[in-house]
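The values are calculated or read from the model by the stated rules, or taken from the named source; none is laboratory data. Remember, it's a predicted structure, so these values are computed and weren't measured experimentally. Backbone-built Cβ (ideal geometry, glycine too); neighbour counts: all protein chains shown.
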There are 2 protein chains.
Amino acid sequence: MSFWKQFRRKLFPSSKDRQFSKDIASIIGRPPKNLSLYELATLHSSAGKISKKGFRVSNERLEFLGDAILSMVIAEYLFKKYPHQNEGFLTEIRSRIVNRDTLNKLAANVGIPDLVELQDKNQTKRKNSIYGNALEAIIGAVYLDRGYLFCRKFILVKIVNQHLNLDTIINTDSNYKSKVIEWAQKENREIEFRSINETDTSNANEFEVTLLIDQLPVSEGKGTSKKRAEQDAALKACQILKLH
Amino acid sequence: MSFWKQFRRKLFPSSKDRQFSKDIASIIGRPPKNLSLYELATLHSSAGKISKKGFRVSNERLEFLGDAILSMVIAEYLFKKYPHQNEGFLTEIRSRIVNRDTLNKLAANVGIPDLVELQDKNQTKRKNSIYGNALEAIIGAVYLDRGYLFCRKFILVKIVNQHLNLDTIINTDSNYKSKVIEWAQKENREIEFRSINETDTSNANEFEVTLLIDQLPVSEGKGTSKKRAEQDAALKACQILKLH
């Protein structure tokens, strides 16, 4: 949209714009400066448009940006909240927070679904990462609209503090190894957890494990015990095999 | 280190501290405020210490933080530099920038290797991601020491502008599909690229492909053509199988 169109739109907003602006303000806590960013953030590719220059326009680029911002803000949050946990713990807890399920739930709690523009709600409902992705796109829009510090505060105050139960996330002791083993039995696959090396320096007690499925190395895990390294490798295999 | 010890150290630095402070300043462009952050960032786990409270101390936590910051800054950089490229392109170019090889080269260019504290240079040399990881840890230290805006500028000016040849990175047309096929022939594996769905909406021409190895779904790819989706899936498989 040209500068003048945006300017006119800001001076004389339509009633639809006013409502949308209110909706966004209720999510991010302040009125948006550049409404078109949020419009783009809530535009699913199924309803995507082709721009004058022939480019496909949807929220996927903003989702890419927002995903990176969310990952970083959560990384810093966990880094400071758990000063005595190693990077394996931090990585795992973050991946539980930014995974598809958690993001979809957060998006629903925050009130994203009503705002997302889809072509056909029933058809696209099956693709269940739509709302989590839109939440990430909105994070990208907030960053571009109001800068890093505001966006960081938005994530920490409006999302993490209000809607995320970190204790539950940490204590959900998902046994990924048994998930993979169960799957392998059902699919008649051979599974092996193979130790790569056991660091023999006295102060660094780190284990590394490769998970092989039918002799094919599918993932690697690290941890302070063999069991943890196996869980880590199994977690990554679950992500690859989409066992959730 | 206690506050008073740090304070004393700042007031009366040892000659070793003064030299280290100079070295860091020559990398980040300003003298460090909190030297111990950079000390931690250059402490590889092979030379890691056990703290008084029994925690293993090394640069791995800072590496986790710095990795997230780098990913985000590069995401924003690419997002703004390529306004008409889709998220698949942005994701791929970013992964080429933040991969092990590129980071190691960047670390060498920036002058990280001389600073890293290892237990035994020869023994640990084989683990070739040490310096790239230390670069990420230093990015984490810069963020904590001097805040987001300084850190972002450090990454963009001192790393991206000075040492990264983006054109080469983009034009390196790695043919991941042929890499995977070659590997499969050598390892006597059966490979299949299976189309998941071809979105039939007129405006979104998106292809999705699953790569199966011996009937095991190993990765998924997306793209605006079937060929691109296959390359995308093959790229991910290369990462999983460590074919570089």
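Here are some notes:
- Search result, residues across region A:64-122 that are over 19 Å from A:Ile159 (Cα atoms) and touching an Asp or Glu at 6+ places or on another chain (Cβ under 6 Å): A:Glu87
- Residue in region B:103-123 that is assigned to a strand (DSSP E or B), among the charged types (D, E, K, R) and more than 10 Å from chain A (Cβ to nearest Cβ) present: yes
- Selection of region A:14-26 for residues being without any contact (Cβ under 8 Å) to a residue 12 or more places away in the chain and either surrounded by 11 or more Cβ atoms within 10 Å (Cβ to Cβ) or not in a loop (DSSP other than H, G, I, E, B) (or both) yields A:Ser15, A:Lys16, A:Arg18, A:Gln19, A:Lys22, A:Ala25.
- Residue within region B:161-178 that is within 14 Å of chain A (Cβ to nearest Cβ) and farther than 19 Å from A:Pro83 by Cα present: no
- The set of residues in region B:143-188 that are in contact with a Phe, Trp or Tyr (Cβ under 7 Å, 6 or more places away or on another chain) and among the aromatic types (Phe, Trp, Tyr) contains only B:Tyr148.
- Number of the condition not met by A:Gly147 [criteria: (1) without any contact (Cβ under 8 Å) to a residue 24 or more places away in the chain; (2) more than 30 Å from A:Arg61 (Cα to Cα); (3) of a type outside the set (D, E, K, R)]: (2)
Here is a yes/no grid of residues against (1) modelled with pLDDT of 95 or more; (2) among the aromatic types (Phe, Trp, Tyr):
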{"residue": "B:Arg8", "(1), (2)": "no, no"}
{"residue": "B:Phe12", "(1), (2)": "no, yes"}
{"residue": "B:Gly48", "(1), (2)": "no, no"}
{"residue": "B:Gly54", "(1), (2)": "no, no"}
{"residue": "B:Val57", "(1), (2)": "no, no"}
{"residue": "B:Leu65", "(1), (2)": "yes, no"}
{"residue": "B:Leu90", "(1), (2)": "no, no"}
{"residue": "B:Arg94", "(1), (2)": "no, no"}
{"residue": "B:Ile97", "(1), (2)": "no, no"}
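- Any hit, region A:27-34, residues being of a type in the set (Gly, Ala, Ser), in contact (Cβ under 8 Å) with a residue 24 or more places away in the chain and outside any helix (DSSP H, G or I): yes
- Considering the conditions (1) outside any helix (DSSP H, G or I); (2) at pLDDT 85 or above, B:Glu136 is excluded by exactly one of them, (1).
- Some residue of region B:86-100 being facing chain A (nearest Cβ under 9 Å), under 15 Å from B:Ala137 (Cα atoms) and crowded, with 16+ Cβ neighbours inside 10 Å: no
- Residues being aliphatic (A, V, I, L, M) and at the interface with chain A (Cβ under 8 Å from one of its Cβ atoms) - total across region B:36-61: 1
- Restricting A:Phe64, A:Phe79 to those that are under 27 Å from A:Glu208 (Cβ atoms) and either in contact with a helix residue (DSSP H, G or I) (Cβ under 8 Å, 6 or more places away or on another chain) or more than 9 Å from chain B (Cβ to nearest Cβ) (or both) reduces the list to A:Phe79.
- Near pairs, Cβ below 7 angstrom, 6+ apart or cross-chain, from region A:66-86 (closer than 19 Å to A:Asn165 by Cα and free of Cβ contacts under 8 Å to residues at least 24 places away in the same chain) to any residue that is aromatic (Phe, Trp, Tyr) and assigned to a helix (DSSP H, G or I): A:Ala75/B:Phe64; A:Phe79/B:Phe64; A:Tyr82/A:Phe89
- Test: residue in region B:201-215 that is assigned to a helix (DSSP H, G or I) and modelled with pLDDT of 85 or more: no
- Given (1) small (Gly, Ala, Ser); (2) surrounded by fewer than 20 Cβ atoms within 10 Å (Cβ to Cβ); (3) under 30 Å from B:Ser45 (Cβ atoms), number of the condition A:Gly147 does not satisfy: (3)
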